[in-house]
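> Before I ask anything, let me first share the structure, which is written out below as structure tokens.
Values quoted throughout were computed directly from the atomic coordinates according to the rules given, and no laboratory measurement underlies them. Quick caveat, the model's predicted, so the values are computed rather than measured. All Cβ positions, glycine included, derive from the backbone under ideal geometry; neighbour counts span all protein chains shown.
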Amino acid sequence: MKNKHLIIISIGAWLNIGLFYFLYLNEIETILIGVFRELTLIPSYLCGMLFPVWILIRIVKKKLKP
């Protein structure tokens, strides 16, 4: 059950990064978008990289447990 939540959060983080990349490519820049981008990109990268690793560690621990 907890792995499902980690997967959803990880996908959401990558969708956030994709949204701002899409806005950047289409040259849609406003002050509000810039503020949200600055506030959310670093946590999104961290969640997008750490949570999949955490899920893999949990799966490996579960498989190795007798």
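> Calculate one ³J(HN,Hα) per residue across region 55-66 by plugging θ = phi - 60° into the Karplus curve 6.51 cos²θ - 1.76 cosθ + 1.60, and present them in order as whole Hz with x for glycine and proline.
Once θ is set to phi - 60°, the couplings for region 55-66 become 4, 4, 4, 5, 5, 5, 4, 5, 5, 7, 6, x Hz.
> Over the chain, what is the mean sequence separation of C-alpha contacts under 8 Å (at least six apart), divided by residue count, expressed as relative contact order in percent? Walk me through the numbers on the way to the answer.
On the way: 30 pairs, mean separation 35.0, N = 66.
Value for the chain: 53 percent.
> While we're on this one: Once you place label points 7 Å from the Cα toward the Cβ at residue 60 and residue 14, how far apart are they in nm?
1.9 nm
> A follow-up question, please. Output ³J(HN,Hα) for region 17-24: one whole-Hz value per residue in order, computed from phi by the Karplus curve 6.51 cos²θ - 1.76 cosθ + 1.60 with θ = phi - 60°, and x for Gly and Pro.
Going residue by residue, I get 5, x, 4, 5, 5, 4, 5, 5 Hz, with x marking Gly and Pro.
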